[in-house]
Structures are given as structure tokens and as C-alpha cells.
Amino acid sequence: MTAALPPDAVVLPDADAVAHEAAERLIAACEASRSERIAIALSGGSTPKRLYALLAGPDHVGRVPWDRVHWFFGDDRAVPWDHADSNVRMVREAFHHGTAVPAAHLHFIPTDAGPEAAAETYARTLLEFYGADRLDPARPLFDCVLLGLGEDGHTASLFPGKPALSETARLVAPVPEAGLAPFVPRVTLTYPALASSALVLFLVSGESKRAALRRLAAGEDLPAGRVTSQGRIAWLLDAAAAA
């Protein structure tokens, strides 16, 4: 079985164990950062939601340097921030509506502006935070990027066959047509933005992800397999996904 898993993969008993391991690795990434400001790119999904709740919960809240961490979004749907499909709403709820997170440290994608305008505005937000007009390979934008794996092999909102896959210059791209339901426009970080990272953590859980993992292991060109990092990439899988 292990020969078919992605490189640097760890198999854990269940989604809760994946979330706990991710919490430890994210906190370690924060501790390793020498910057006064730490940048984390958040992912949507049920397992990341468990992770965020853990970070804001009693066992971990005191270990996260909340005053230094800035939270960004890897992607989001072009829906109101209070909509059930919004990653902003999910993150707010998981973080207990900002009890621990300083309000100015949650950097939302302005999806209400429409995908194209939102992508341009968010790219400016990233570069203003970074403090330069372009990314330096020697200085990653993100200390940690959290990603998931879709049943079709997508990650963030980088779907098979969509134009955003070919973006090599922009940090953020509009996704006018999603590859999976809900079929609403989205905004996503691009491969250049994801690559500007010290650590990428893929969190993958559930039987529904087995087929995509098999396809990646077979060498099929899926969006998740194209992700690179200036630092490390690690896959945290639960047993149901890895079986």
C-alpha cells in the first residue's frame, strides 16, 4: 500500500487524527518562523474545519502565536461571506467567531466584487503584506499552506481543464466556472502563490478520495500533483483515504 502513496505521506487512523497532526505541524511551522508576521493559507473542507476548531480550542489556543499569525484563504466561492458555501463563514465558525484571532489578521477574499476584481484585489493584498512587488524565491510568502484533494484531483479551486491551471504570473486567478458542485464562480490562489511557501500540508480524509490518490500514484496529471513548494510538501491521510 505505501508504494502507492504520495511522497512524504503519513497515514493516520481517522480525520480527527489528521486534524491533530496538522495542528502540531502548523504550530511547529509557527515556532520555526523568524518573522514578526506569520502567514498561513487556509483551506476549505471538513477536516480543515476540525483543525481550525482544535487551534482555537482549550488544548491548543495557548500554543498559537495569534498576535503574529495572519490567515489567508487558498480559495473561496463567490458567495456572500455569511453563505453556507463560504469558506469565510466556515473559518469564522471554527475559530469561534474571532475569539482568538485578531480581526485584522483574517484576510478575506473580497468575493462580493466578482471573481475578476476579487482576484486582482486579493493579489494586491498578498503583495502588500509581503512588502514587495514580486515574490522572491529566497523568501516565501507563506509559512504554511493548507490544501485538500477533490475527488476529481483538484486542489484549492484549481480544477482539471480550467484556465487557472496555466496561470504562471498572477498570484490569484478568477474561476468563472467550477469543476464540481456547487457550480458557482470562485477565486483561487495559483501555482506560483502556492509554491511561495515554506511548507504545504495536504489534508486528505475519507473513502471518496481513494480514487484520486490512486490516480496521483499512477502518475496521472491532476491539479493536486502539480503543486510545488520552495520548502516541503507533506500529505496527511486518514486510513479510509489511503486504503
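The values are calculated or read from the model by the stated rules, or taken from the named source; none is laboratory data. Note that the coordinates shown come from a computational prediction; the quantities given were computed from them, not determined experimentally. Cβ atoms come from the backbone with ideal geometry, glycine included; neighbour counts cover every protein chain shown. In case anyone asks, the SASA skips ligands and DNA or RNA and just uses the protein heavy atoms, side chains included. Shrake-Rupley method; radii C 1.70, N 1.55, O 1.52, S 1.80 Å.
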Original post:
What number of residues within the stretch 222-243 satisfy the criterion of being open to solvent by 50 Å² or more (accessible area, probe 1.4 Å), at pLDDT 95 or above and either among the hydroxyl-bearing types (S, T, Y) or part of a loop (DSSP other than H, G, I, E, B) (or both)?
Top reply: 2
Subject >> Residue pairs meeting the criteria (Cβ under 6 Å; at least 6 apart or on separate chains; first surrounded by 21 or more Cβ atoms within 10 Å (Cβ to Cβ) and modelled with pLDDT under 95, in the stretch 47-65; second in a helix (DSSP H, G or I) and not polar (S, T, N, Q)) >> reply: T47/A15; T47/V18; T47/A19
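Given the structure, is D152 in contact (Cβ under 8 Å) with a residue 24 or more places away in the chain and either in a loop (DSSP other than H, G, I, E, B) or among the hydrophobic types (A, V, I, L, M, F, W, C) (or both)?
Values: in contact (Cβ under 8 Å) with a residue 24 or more places away in the chain: yes; either in a loop (DSSP other than H, G, I, E, B) or among the hydrophobic types (A, V, I, L, M, F, W, C) (or both): yes.
Yes; evaluated as a whole, the condition is true for this residue.
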Subject >> E116 assigned to a helix (DSSP H, G or I) and open to solvent by 40 Å² or more (accessible area, probe 1.4 Å) >> reply: yes
Original post:
In the stretch 76-95, which residue that is assigned to a loop (DSSP other than H, G, I, E, B) and touching a residue at least 40 places away in the same chain (Cβ under 8 Å) is most open to solvent (accessible area, probe 1.4 Å)?
Top reply: D85
Subject >> Unmet criterion (only one of (1) assigned to a helix (DSSP H, G or I); (2) in contact with a Gly (Cβ under 9 Å, 6 or more places away or on another chain)) for T188 >> reply: (1)
Subject >> Residue check for A195: of a type outside the set (S, T, Y), surrounded by fewer than 23 Cβ atoms within 10 Å (Cβ to Cβ), under 26 Å from L26 (Cα atoms) and in contact (Cβ under 8 Å) with a residue 60 or more places away in the chain >> reply: no
